[in-house]
Amino acid sequence: MKTLSPGSTIGMLGGGQLGRMMAMAAAKLGFKTHIFCPEKNNPAEQVSDKATHADYDDEIALKSFAGSVDVVTYEFENIPVPTVEILSNKCLVFPSSKVLEVSQDRLSEKTFLNELGIETAPFRAVATKVEAIEALREISYPAVLKTRRFGYDGKGQAIVKSQNDVSDAWDTLNSDKVILEGFIDFDIEVSVLAVRGQNGEIKCFDPVENQHKNHILDVSIAPARISDKLKQLALDMATKIVSNLEYVGVLTVEFFVSSNDPMLRVNEIAPRVHNSGHWTIEACPSSQFEQHIRAICGLPLGETSFSGEARMTNLIGDDILQYEKLLRSSNACVHHYGKNEIRAGRKMGHVTRLYPKKS
Ligand code: AMP
């Protein structure tokens, strides 16, 4: 285990809002941040000490970056595995590339989860339309075709309600690395954010309930409105995942909850801090971002306790125009990500409201 002292520099791959909020948490604990990403004037760099703009396959830039920081982490999961391997030969990197290999491919992710005894939607790997039709006979309708890699916010997937849909759905995905998943008739989606330190210490935040609009997270409500038994099951599964991976940092597990199914099914895992954990900034003694920094710096993990209710709403696209109005609202904790161009579907900020626990 390596403990970093305040004043040390954290290298961060990626410059989005998650990196921005991690850099702010790092500064709170006395650390500096150096951002590495191709895009200039990104949200994370605005609140960091240094930035390198280069591509993720620029070996010379990566080596020089690795030599200038004390530990490297990342804020998105589609970092190329070779990038992390190049950096790992030169400096500490958390989480390790092993988790990227598992989570970047839906097939290896679901296989890994099932081998741990954790349920997912039923699935089959398919490479052609004919294989998709055969798999549909086993899995039945409705089902979802998904590209195995690089899908997010509903991109790279298509619902199949009958055999007639297969051809069009297949053509929209434009890939031969696909999985077919059974459609889960869920009531609620919940997520658990788990953090594991370098010494194996594990803590989890309360399960949070997530509501989506146009496939993008709209609202997170903590704690999730599910039974204590399901909450415990979700926490146990998240703990099992991070300990099995010997993971260091924050990892997010997304679940489907159905009232007609006693099991929780994992939809996916994200090896990073997550949009559904933003409420922890105001609601918990140590936020998800601070926990991640503590874990990768070899420091004791913080408290995840929380009593009361929190509601986080994303400000997407034009929603950010409510900025001043929200600032006038007494219980609104407003976050602006510093993006100067508003685009439809773009996450521009979020607002969290805390409420006392209902008796
Ligand atoms: P994903 O990109 O896998 O996280 O999927 C995005 C969203 O699509 C999820 O949050 C669900 O709302 C929905 N979804 C994905 N897979 C399934 C499934 N097998 N059954 C039902 N809904 C799904």
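Loop-resident trypsin sites (Lys or Arg not before Pro) (DSSP state other than H, G, I, E or B) in segment 18-120 with no more than 15 further Cβ atoms inside 10 Å of their Cβ: K40, K90. Surface composition of the chain: carbon plus sulfur atoms hold 48% of the accessible area, using a 1.4 angstrom probe and ignoring ligands, DNA and RNA.
The angle between the Cα long axis of helix 17-28 and the longest principal axis of the Cα atoms of the chain comes to about 30 degrees, rounded to the nearest 10.
Report the charge-dipole magnitude of the chain in Debye, nearest 20, computed about the Cα centre from +1 at each Lys and Arg Cβ and -1 at each Asp and Glu Cβ.
820 debye
Excluding ligands, DNA and RNA, the accessible surface per residue across the chain is 44 Å² with a 1.4 Å probe. Centre-to-centre separation between the Cα atoms of segment 59-107 and those of segment 205-264: 26 Å.
Counting other Cβ atoms within 10 Å, keep those with at most 15, restrict to DSSP loop, and tell me which GluC sites (Glu not before Pro) in segment 296-359 are left.
E303, E341
Shown here for segment 195-273: trypsin sites (Lys or Arg not before Pro) in loop regions (DSSP other than H, G, I, E, B) with at most 15 other Cβ atoms within 10 Å, namely R225. Evaluated with a Cβ-only charge set (Lys, Arg +1; Asp, Glu -1), segment 188-355 carries a dipole of roughly 220 debye about its Cα centre, given to the nearest 20. When H215, H278 are compared by accessible area of protein heavy atoms, the largest-first order is H215, H278, using a 1.4 Å probe.
Compared with the dominant principal axis of the Cα atoms in the chain, helix 129-139 is inclined by about 80°. Here the label points at Q232 and E39, each 7 Å from Cα along the C-beta direction, are separated by 4.3 nm in the simple model.
Among T172, T313, the sequence by solvent-accessible area, most first, with a 1.4 Å probe is T172, T313. Given R0 = 22 Å, the distance between the Cβ atoms of S88 and N244 translates into a calculated FRET efficiency of 0.65.
Given the -39500 (n - 2.57) contribution per DSSP H run of 4+ residues, what per-residue ellipticity at 222 nm results for the chain, rounded to the nearest 500 deg cm²/dmol? Present the calculation step by step, with values, prior to reporting the outcome.
Details: 11 runs with 100 residues, N = 359.
Helices in the chain give a 222 nm mean residue ellipticity of -8000 deg cm²/dmol.
In whole percents, the pair-distance distribution calculated for segment 194-298 from its alpha-carbon pairs, binned every 5 Å from zero, is 2, 12, 23, 25, 20, 12, 4, 1, 0. Cα gyration tensor of segment 9-93, axes a ≥ b ≥ c as square roots of the eigenvalues: rounded (a/c below 1.5), prolate (a/b > b/c) or oblate? Prolate shape, in that a/c is at least 1.5 and a/b is the bigger ratio. Note on surface exposure: S103, S64 rank S64, S103 by accessible area, highest first, 1.4 Å probe.
log10 I(q)/I(0), Debye, Cα-only the chain, no solvent, q = 0.06, 0.15 Å⁻¹? For the chain, the Cα-only Debye profile gives -0.22, -1.41.
Multiplying the residue separation of K357 and T111 by 0.36 nm and subtracting their alpha-carbon distance yields 84.6 nm. For the residue pairs K28/K347; K50/K347; K177/K231; K110/K357, the C-alpha atoms sit more than 32 angstrom apart in K177/K231; K110/K357.
The values are calculated or read from the model by the stated rules, or taken from the named source; none is laboratory data. Keep in mind the model is a prediction, meaning the values are calculated, not measured. Because the Cβ atoms are built from the backbone with ideal geometry, glycine has one as well, and the counts that use them run over all protein chains shown. Calculation scope for accessible area: heavy atoms of the full protein, side chains included, ligands and nucleic acids excluded. Shrake-Rupley method; radii C 1.70, N 1.55, O 1.52, S 1.80 Å.
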